[in-house]
Amino acid sequence: MKDVFPSDLPFYTPQADECALFETAHANGLPLLLKGPTGCGKTRFVEHMAARLGLPLHTVACHDDLSAADLIGRYLLKGGETVWVDGPLTRAVREGGICYLDEVVEARKDVTVVLHPLTDDRRRLVIDRTGEDLQAPRGFMLVASYNPGYQNILKKLKPSTRQRFLSIGFDFPDASVETQVVAAESGLDTTRAAALVRLAGHVRQLSGLDLEEGVSTRLLIYAASLIASGMQVDRAIEAAIVEPLSDEPDVQQALRDLSASVYG
């Protein structure tokens, strides 16, 4: 597997063998679960692989009110008639594309009931409202992601669901790779991108103490984009790192102090 991909693909830098594992999972009709902190590249990875495999991608941002009907579809009034409209999961099954459930643990419990028949050897989607029983074609793949660090008693992915998926653990890349990603995505030179990555390393050491989670690669790209556009470094860091990470004045000041230690 090459690490350099055609320029028309969404930019993604592999950290290990995740691209090969994704391709093998797709070829064998196996569902895949991506685990890792917010903003570490899970969604970009799925976008990259969908483009690489030439497959339609149906992305669903899961939330508290997401129901099985939102995924499968429902009857709607159109032009005075009641017509059935497929949801993103049904469209993916019909077309043979990828259905990506981002932060699946946030969805309502009835969603997992729908997913289970698609994540074993049945690979079926039963639509009770229309009486259809769809067999997923070879091209269909179910991919889900979640952040284990945000799980609690009320929102937790059950073992019976987790064990239906292959799984890849994601984390923030090492400093050299993250510098390349930040520079490539923002247009900032690697020297200044590396300084942002060093700052991120210090901030992430606070994760679990004063912060729920360390600064994401996504926020580093935001900061780098502002700097590349001509904004002063301290203002860019304030807008893209300090303010998004915390509302607590003491924590914000600690982040500013860390920034000063990196930038002098």
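The values are calculated or read from the model by the stated rules, or taken from the named source; none is laboratory data. Quantities reported herein were computed from a predicted structural model and do not represent experimental measurements. Backbone-built Cβ (ideal geometry, glycine too); neighbour counts: all protein chains shown. Keep in mind that these areas ignore ligands, DNA and RNA; they rest on the heavy atoms of the full protein, side chains included. Shrake-Rupley method; radii C 1.70, N 1.55, O 1.52, S 1.80 Å.
Observations, loosely collected:
- The alpha carbon centroids of the range 99-175 and the range 26-96 are separated by 10 Å.
- When +1 charges are put on Lys and Arg Cβ atoms and -1 charges on Asp and Glu Cβ atoms, the dipole computed for the range 43-92 relative to its Cα centre reaches about 240 debye.
- Beta bridges assigned by DSSP with both partners in the chain are antiparallel in approximately 35 percent of cases.
- Think of it as helices only: each DSSP H run of n ≥ 4 in the chain is worth -39500 (n - 2.57), and spread over all residues that comes to -11500 deg cm²/dmol at 222 nm.
- Basic side chains Lys and Arg get +1 at the Cβ, acidic Asp and Glu get -1 at the Cβ, and with that the dipole of the range 35-153 about its Cα centre reaches some 340 debye.
- Basic side chains Lys and Arg get +1 at the Cβ, acidic Asp and Glu get -1 at the Cβ, and with that the dipole of the chain about its Cα centre reaches some 800 debye.
- Distance between the pseudo-spin-label points of Ala175 and His202 (7 Å out from Cα toward the beta carbon): 1.2 nm.
- Signed unit charges on C-beta, dipole axis of the chain, positive-most listed residue Ser225, Gly96, Ala51: Gly96
- For Cys62, the residues whose amide H sits under 5 Å from its own are Asp102, ignoring neighbours fewer than 5 places away on the same chain, with H placed 1.01 Å from N.
- Note on Arg94 and Gln253: the model spin-label points, each 7 Å out from Cα along the C-beta direction, lie 5.9 nm apart.
- Considering only Leu220, Leu166, Leu34, the mean-square fluctuation computed in a Gaussian network model of the chain, springs between alpha carbons under 10 angstrom, is largest for Leu166.
- With a cut-off of 11 Å between beta carbons, the residues surrounding Thr112 carry a summed charge of +4, where Lys and Arg count +1 and Asp and Glu -1.
- Peptide ranges 191-203, 69-81 listed from the most packed, as the mean C-beta count within 10 angstrom indicates: 191-203, 69-81
- Carbon + sulfur, % of accessible area of the chain - ligands and nucleic acids excluded, 1.4 Å: 51
- Selected from Gly187, Gly41, Gly131 as most flexible by GNM, with the chain as the system and alpha-carbon contacts under 10 Å: Gly131
- Two-decimal ratio, the range 56-131, of alpha-carbon radius of gyration to 2.2 N^0.38 Å: 1.11
- DSSP-defined antiparallel bridges as percent of all bridges, the range 1-120, nearest 5: 55
- Principal semi-axes of the equivalent ellipsoid, √(5λ) from the alpha carbon gyration tensor of the range 139-264, are 30, 19, 12 Å from largest down.
- Percent RCO, i.e. relative contact order, over the chain, from Cα pairs under 8 Å lying at least 6 residues apart: 20
- Exposure ranking of His116, His63, His48 by accessible area [1.4 Å probe, largest first]: His63, His116, His48
- Furthest towards positive pole of dipole, Thr82, Leu258, Ala193, structure part the chain, Cβ charges: Thr82
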